[in-house]
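What follows is a single structure, written as structure tokens, with notes after it.
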Amino acid sequence: MQIESLKMFCDLAETESFTKAAQINEVTQSAVSQQISSLERLFKSLLIERSKKKFRLTREGQVLYDYSKQIIQTYDALQNTLQEIKDIISGTIRVTTIYSIGLHELPTYVKRFLKTYPTVNVHVEYRRANQVYDDVLSNVVDLGLVAYPTKDAKVETVQLRKDPLVLICHPSHPFAKNKSIKLKAITGQKFIAFEPDIPTRKALDKILKDFSVEVQTVMEFDNVETVKRAVEINAGISIVPLATIVQEIAKQTLVAVTLEDGDFVRPIAAIYKKNKVLSPAMKQFISLLKDEDK
């Protein structure tokens with residue numbers, strides 16, 4: 001029996017998916033099944049109740065998972081400590097991020113990180129906010145990047161920075177001539193919104209409600225790129241993080257207008273599973289993400 005077999009079993013128990021367990025360990029689903037069968041023969045116990053309806057560990061499987069998790073965490077801590085003693089920063093960091101952060105903020109940090117630590121591989125995937133949390137909790141990834149982080153007892157949250165929120169409009173829109181504007185001025189305007197389950201949408205809805213502002217929502221999208229495209233064709237106005245429209249401002253396809261009523265920002269955070277043993281590479285990567293001087 002090897003550590004890899006126990007890790008694969010734990011990944012399967014946490015994701016409840018042979019497909020995801022195979023993805024995490026970069027093997028085939030068949031290889032995962034073979035490892036589980038091998039463990040069952042070794043311990044002479046059925047570890048998983050095989051049912052098409054629901055994945056469930058047996059009592060023996062739960063005991064094996066509890067002890068295996070301790071063994072893996074101890075092994076990871078040992079490896080990381082030895083790397084730190086030797087001053088080695090290497091390995092792979094698996095990151096999942098919402099689109100706006102991944103497209104507009106993360107690339108600069110990854111470039112800096114890889115220049116300093118060329119032997120580290122940073123693998124990035126783009127997901128919706130709820131999927132980022134799912135990936136982190138199921139150990140599909142090491143680190144998640146989200147906006148408006150939610151409190152979760154199973155997750156460690158590292159606050160990174162706050163992006164200013166600005167109103168955007170087409171250059172020919174009447175608002176384009178203003179450097180700043182009060183929220184009340186957008187009452188009744190055609191508005192390009194995020195979909196209702198997007199954290200930024202929920203935050204904007206609260207802001208508008210607090211200021212008793214009602215807009216005419218004409219389109220809803222699940223990412224900032226399509227929101228921007230809709231504003232660029234003058235279908236309406238919107239409110240987005242300033243960091244996501246740098247290129248459009250430079251090309252003069254969009255105009256950013258400051259909101260006068262307050263300091264409206266979008267908080268960004270890194271999240272990882274509670275009690276996760278951070279590798280030296282992960283520690284350095286998180287430290288770099290906290291550095292605003294990119």
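The values are calculated or read from the model by the stated rules, or taken from the named source; none is laboratory data. Keep in mind that what you see is a predicted model, and the values were worked out from it rather than measured. Positions of Cβ are generated from backbone atoms using ideal geometry, with glycine treated the same way; all protein chains shown enter the neighbour counts.
Scanning segment 240-272 for residues that are more than 28 Å from Asp142 (Cβ to Cβ), among the aliphatic types (A, V, I, L, M) and part of a strand (DSSP E or B) returns Val240, Val255, Ala256, Val257, Leu259. Here segment 54-98 is the region considered, the condition is being among the small types (Gly, Ala, Ser) and either free of Cβ contacts under 8 Å to residues at least 40 places away in the same chain or in contact with a strand residue (DSSP E or B) (Cβ under 8 Å, 6 or more places away or on another chain) (or both), and the residue that is surrounded by the most Cβ atoms within 10 Å (Cβ to Cβ) is Gly61. Scanning segment 204-239 for residues that are β-branched (Val, Ile, Thr), assigned to a helix (DSSP H, G or I) and under 18 Å from Pro164 (Cα atoms) yields a total of 3. Across segment 194-212, the number of residues qualifying as in contact with a helix residue (DSSP H, G or I) (Cβ under 6 Å, 6 or more places away or on another chain) and either crowded, with 18+ Cβ neighbours inside 10 Å or among the basic types (Lys, Arg) (or both) comes to 2.
Going by the conditions given, is Lys54 assigned by TED's automatic domain parsing to the domain that holds Glu16, basic (Lys, Arg) and under 18 Å from Asn275 (Cβ atoms)?
So Lys54 fails the test.
Tell me whether segment 137-146 contains one or more residues that are surrounded by 13 or more Cβ atoms within 10 Å (Cβ to Cβ) and without any contact (Cβ under 8 Å) to a residue 24 or more places away in the chain. There is no residue in segment 137-146 that is surrounded by 13 or more Cβ atoms within 10 Å (Cβ to Cβ) and without any contact (Cβ under 8 Å) to a residue 24 or more places away in the chain.
Looking across segment 126-171, the residues that are part of a strand (DSSP E or B), in contact with a helix residue (DSSP H, G or I) (Cβ under 8 Å, 6 or more places away or on another chain) and either over 30 Å from Asp263 (Cβ atoms) or of a type in the set (Val, Ile, Thr) (or both) come down to Val146, Val155, Val158, Val166, Ile168. So for segment 27-46 (the condition being surrounded by 14 or more Cβ atoms within 10 Å (Cβ to Cβ), within 24 Å of Asn275 (Cα to Cα) and not assigned by TED's automatic domain parsing to the domain that holds Thr200), does at least one residue qualify? No: segment 27-46 contains no residue that is surrounded by 14 or more Cβ atoms within 10 Å (Cβ to Cβ), within 24 Å of Asn275 (Cα to Cα) and not assigned by TED's automatic domain parsing to the domain that holds Thr200. If you go through segment 191-230 and keep only what is more than 26 Å from the chain's Cα centre (by Cα) and not hydrophobic (A, V, I, L, M, F, W, C), you end up with Lys209, Asp210, Ser212, Glu214, Gln216, Thr217. Could you please let me know if Arg229 is basic (Lys, Arg) and either loosely packed, with under 14 Cβ neighbours inside 10 Å or in contact (Cβ under 8 Å) with a residue 40 or more places away in the chain (or both)? No: the conditions fail for Arg229.
For Tyr109, the stated conditions do not hold, so it cannot be described as of a type in the set (Ser, Thr, Tyr), closer than 19 Å to Lys273 by Cβ and assigned to a helix (DSSP H, G or I). Selection of segment 34-74 for residues being over 29 Å from the mean Cα position of the chain (by Cα) and small (Gly, Ala, Ser) yields Ser37, Ser38, Ser45, Ser51, Gly61.
One line per residue, one yes/no per condition, for (1) β-branched (Val, Ile, Thr); (2) surrounded by fewer than 17 Cβ atoms within 10 Å (Cβ to Cβ); (3) in contact with a Cys (Cβ under 8 Å, 6 or more places away or on another chain); (4) in the same structural domain as Thr116 (by TED's automatic domain parsing):
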| site | (1), (2), (3), (4) |
| --- | --- |
| Glu248 | no, no, no, no |
| Lys251 | no, yes, no, no |
| Val257 | yes, no, yes, no |
| Tyr272 | no, no, no, yes |
| Asn275 | no, yes, no, yes |
| Leu278 | no, no, no, yes |
| Ala281 | no, no, no, yes |
| Phe285 | no, no, no, yes |
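Looking at the structure I just gave you, is Tyr99 at pLDDT 90 or above, hydroxyl-bearing (Ser, Thr, Tyr), within 27 Å of the chain's Cα centre (by Cα) and under 30 Å from Thr200 (Cα atoms)? Yes: the conditions hold for Tyr99.
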